[in-house]
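Peer 1: This is the structure, below, for whatever I ask next.
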Amino acid sequence: MIKSKVLIIFIIITGYATSAWSMPKTTIGHALPQWQEGYLDMHHISTGRGNAAFYILPDGTTLLVDAGDISEQRPRTLTARNAKIKPSAKKTAGQWIVDYIHQFHPNKKNAQLDYVLITHFHEDHMGEIDDTCAVSSLGDFRISGITQVAETIAVKTLIDRSYPDYTLPHSLKSPDFKTQMTASADIEDRMYLETLEAYWKFQQAHQKQRGMKIDRLQVGSKQQIILIHRPHDFADFTIRNIQGNGLGWTGWQDKTFSLIKSRHAGENELSAGIRISYGKFDYYTGGDISGVDDYGSSDMSSAEAKLAPVIGPVDAATFNHHGNSDSQSNFYVRTLRPKVWIQQSWSSDHPGDEVLSRIMSTDLYPGKRYLFANDLLAATKNVIGSKVKRAYNATQGHILIRVAPAGSQYQVIVLNDNNKKREVLSIFGPFEPR
Ligand SMILES: [Zn+2]
């Protein structure tokens with residue numbers, strides 16, 4: 001009797017009975033155990049130059065979401081306001097992403113990427129062309145970020161928010177836009193034009209020479225990014241396209257609705273976002289959408305507020321807009337209520353002080369939560385002060401969420417971003433999904 005009581009308490013505390021699969025034995029200071037079939041690995045790569053998240057899906061299908069590389073010709077890139085490139089300046093961010101994928105991809109140096117999703121057309125998500133960037137071996141264009149990754153690691157399907165017409169927020173291929181950007185006094189505008197023009201040349205070259213497919217994100221669909229090797233073995237795995245290009249999923253079939261307010265939409269608002277589900281486990285990543293108005297209040301006509309009920313509660317989420325002050329509204333935080341938050345950060349305003357307060361507020365939702373940042377800068381720590389220690393479980397490193405088969409449990413593993421070994425620095429969980 002006593003024994004069975006002890007067993008029941010043990011099961012309640014550990015959730016052991018529901019976890020048929022165990023996590024691979026992971027040891028601090030050692031190499032990360034390799035991905036195994038049935039597991040879902042979600043690597044949030046730390047380069048200091050923007051977002052890059054590499055996903056190995058349960059049957060070995062691979063997905064890269066974004067490959068940022070902010071140019072050093074921007075006035076603030078090399079100041080204390082921005083993160084340093086990591087692990088070193090010996091390679092560009094795009095090259096470090098390649099190095100990272102070669103280390104952890106199931107096929108190592110023979111890696112291919114089955115899918116690449118570019119959430120939106122900003123330098124910290126797609127790369128940025130300046131006159132120091134290498135020229136592609138496939139054509140007359142320079143490479144940075146995603147175009148540099150794809151140079152080495154073949155991409156089978158490229159998905160972005162707007163292929164092929166690129167008419168929002170304004171016609172990005174029009175002569176007017178070109179004239180305006182060329183005439184601008186800001187180097188950022190001129191680099192933006194070069195980046196987009198190189199991106200379109202890259203598309204053509206890779207389509208022609210390597211058979212790369214290109215698609216616009218089909219908002220509402222769960223049939224676009226799919227397991228390509230053994231989908232029937234993992235029927236409880238799905239990727240649902242939540243939003244992109246100003247459209248959001250209604251939550252019903254694959255019907256969509258408009259997210260854009262009457263005023264002029266910005267690039268961030270047009271970001272693509274997806275929800276990854278595996279059994280009971282759910283995860284959302286949504287690019288740079290926002291949810292807080294100019295006065296610091298929840299903006300109920302924002303993308304965050306419109307999408308939160310459709311996304312629903314999740315186990316883990318990345319910060320929208322890196323945790324900028326316009327993101328993670330009260331309503332959004334209360335609705336998604338993740339246990340694990342991942343901050344893909346590269347600037348000293350990531351996160352805003354109030355953003356951190358909202359995320360940590362047990363008034364907004366109860367329970368312990370775990371926060372991880374790719375790089376919380378010294379300036380940010382100075383501003384936020386002692387709250388940093390209370391809030392964060394790690395403030396630097398590559399952040400891996402590893403989900404066991406059938407989504408039965410998951411761990412968060414922090415890997416060293418200061419060297420090429422990328423050994424395990426800390427381990428959290430296993431956690432039970434919701
Ligand atoms: Zn961004």
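The values are calculated or read from the model by the stated rules, or taken from the named source; none is laboratory data. This one's a predicted model, so the numbers in the text were calculated from it and none came from an experiment. Every residue, glycine as well, gets a Cβ built from its backbone with ideal geometry; the counts of neighbours run over all protein chains shown.
Peer 1: Restricting to region 76-92, name every residue that is touching a residue at least 40 places away in the same chain (Cβ under 8 Å) and either touching a Phe, Trp or Tyr at 6+ places or on another chain (Cβ under 8 Å) or within 22 Å of residue 192 (Cβ to Cβ) (or both).
Peer 2: If the condition is that a residue be touching a residue at least 40 places away in the same chain (Cβ under 8 Å) and either touching a Phe, Trp or Tyr at 6+ places or on another chain (Cβ under 8 Å) or within 22 Å of residue 192 (Cβ to Cβ) (or both), then 81, 82, 83, 86, 87, 92 are the ones that fit.
Results for (1) surrounded by 24 or more Cβ atoms within 10 Å (Cβ to Cβ); (2) under 18 Å from residue 266 (Cα atoms); (3) out of contact with any Phe, Trp or Tyr (no Cβ under 9 Å at 6 or more places or on another chain), shown as yes or no for each residue.
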site	(1), (2), (3)
293	no, yes, yes
303	yes, yes, yes
308	no, no, no
315	yes, no, no
327	yes, yes, no
335	no, no, no
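Peer 1: Go through region 351-377 residue by residue and tally those that are assigned to a loop (DSSP other than H, G, I, E, B) and touching a helix residue (DSSP H, G or I) at 6+ places or on another chain (Cβ under 8 Å). Please lay out each step first, then the result.
Peer 2: Let us first name the residues in region 351-377 that are assigned to a loop (DSSP other than H, G, I, E, B), namely 351-352, 361-369, 374, 376-377.
The next check asks that each one be touching a helix residue (DSSP H, G or I) at 6+ places or on another chain (Cβ under 8 Å); those that pass are 351-352, 361, 364-365, 369, 376.
Total meeting the criteria: 7.
Peer 1: Shifting gears a bit: Output the residues belonging to region 224-267 that are surrounded by fewer than 20 Cβ atoms within 10 Å (Cβ to Cβ) and on the phi > 0 side of the Ramachandran plot.
Peer 2: 251, 253, listed by residue number.
Peer 1: Do we find a residue being closer than 28 Å to residue 61 by Cα, in a helix (DSSP H, G or I) and without any contact (Cβ under 8 Å) to a residue 60 or more places away in the chain anywhere in region 163-176?
Peer 2: no
Peer 1: So for region 159-172 (the condition being over 16 Å from residue 201 (Cα atoms), away from the ligand (no atom under 16 Å from the Cβ) and modelled with pLDDT of 95 or more), does at least one residue qualify?
Peer 2: no
Peer 1: Criterion first (modelled with pLDDT under 95 and either within 16 Å of the ligand (Cβ to nearest atom) or hydrophobic (A, V, I, L, M, F, W, C) (or both)) does residue 265 satisfy it?
Peer 2: On the way: modelled with pLDDT under 95: yes; either within 16 Å of the ligand (Cβ to nearest atom) or hydrophobic (A, V, I, L, M, F, W, C) (or both): yes.
So residue 265 passes the test.
Peer 1: Turning to a different aspect of this structure: Considering 77, 27, 47, which residue is in contact with a strand residue (DSSP E or B) (Cβ under 8 Å, 6 or more places away or on another chain) and either surrounded by 15 or more Cβ atoms within 10 Å (Cβ to Cβ) or not aromatic (Phe, Trp, Tyr) (or both)? Before the answer, list the steps.
Peer 2: Details: 77 fails: in contact with a strand residue (DSSP E or B) (Cβ under 8 Å, 6 or more places away or on another chain); 47 fails: in contact with a strand residue (DSSP E or B) (Cβ under 8 Å, 6 or more places away or on another chain).
It is 27.
Peer 1: If you check 242, 276, which single one turns out to be away from the ligand (no atom under 16 Å from the Cβ), assigned to a strand (DSSP E or B) and either among the aromatic types (Phe, Trp, Tyr) or within 21 Å of residue 330 (Cβ to Cβ) (or both)?
Peer 2: Details: 276 fails: either among the aromatic types (Phe, Trp, Tyr) or within 21 Å of residue 330 (Cβ to Cβ) (or both).
Matching residue, one of 242, 276: 242.
Peer 1: Just give me the residues in region 381-434 being over 28 Å from residue 89 (Cβ atoms), in a loop (DSSP other than H, G, I, E, B) and among the basic types (Lys, Arg), in sequence order.
Peer 2: Within region 381-434, 434 is the sole residue that qualifies.
Peer 1: Oh, and also: One residue is enough: does region 281-288 have a residue meeting the conditions touching a helix residue (DSSP H, G or I) at 6+ places or on another chain (Cβ under 6 Å), within 16 Å of the ligand (Cβ to nearest atom), closer than 23 Å to residue 370 by Cα and not in a strand (DSSP E or B)?
Peer 2: yes
Peer 1: I would also like to ask the following. Might you check whether a residue that is surrounded by fewer than 17 Cβ atoms within 10 Å (Cβ to Cβ) and modelled with pLDDT under 95 occurs anywhere in region 426-434?
Peer 2: So far as region 426-434 goes, yes, one or more of its residues are surrounded by fewer than 17 Cβ atoms within 10 Å (Cβ to Cβ) and modelled with pLDDT under 95.
Peer 1: Looking at (1) surrounded by fewer than 16 Cβ atoms within 10 Å (Cβ to Cβ); (2) in contact with a Ser or Thr (Cβ under 9 Å, 6 or more places away or on another chain); (3) modelled with pLDDT of 95 or more, find the lone condition where residue 183 falls short.
Peer 2: Of the numbered conditions (1) surrounded by fewer than 16 Cβ atoms within 10 Å (Cβ to Cβ); (2) in contact with a Ser or Thr (Cβ under 9 Å, 6 or more places away or on another chain); (3) modelled with pLDDT of 95 or more, the odd one out for residue 183 is (2).
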